[in-house]
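Here is the structure we will look at.
Any read-out appearing in this document is the output of simple, stated calculations on the displayed coordinates, not a laboratory observation. Quick caveat: nothing in here was measured; it's all calculated off a predicted structure. So basically every Cβ, Gly included, is an ideal-geometry build from the backbone, and we count neighbours across all protein chains shown.
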Amino acid sequence: MSDEGRELYSVGEVAELLGLHVRTVRNYVRDGRLKAVRIGKQYRINRADFEALTSLPDPAGEEPSAAGEAPRRHLEVSSIVQIDAIGPDAANRLATLVTASAQSPRDTPATLRVQTVYDKERARMKIVILGDAATTADLLHLIDGLLGPGNGMGNDADHGTGHDAGAAHRG
């Protein structure tokens, strides 16, 4: 069945669509960030609630902005940045910098929404960014600059060694 006609998604399907871990999506449901209904022992997410989380516009629901006018075009970018081999301290610093940047005043009225998730077991961080194209691009450039070589946020920056001593053990 194609995604277009679907009305309900499982937690696993939402996790796959967003590139997140199933536990992260379950936490979104428990925290109230993602509306879901419980059917038996499973959560099901309505398509409209999924679109509200990702802020994807529903093309069928577009309405004219004023009588007789064509719908106003809205552009929004959804990005998921995955950073592997990052320690908890570096992930925390990066989350603080990215969140502060997203909340800083801008010349544009567009909002930028950012969610960060850190998986300590995998030493992996994900940053979910929702916003207009230009502002999202600026934030992606900031992240790229912060994670580039010689910036202090390298693989094992938490230990000050500049290299990832545990890489061989993680596979």
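A simple spin-label model places the labels of Glu121 and Asp89 2.5 nm from each other, with each point 7 Å out along Cα-to-Cβ. Potential lengthening of the chain between Ser101 and Glu51 amounts to 15.5 nm, from the contour at 0.36 nm per residue minus the alpha-carbon distance.
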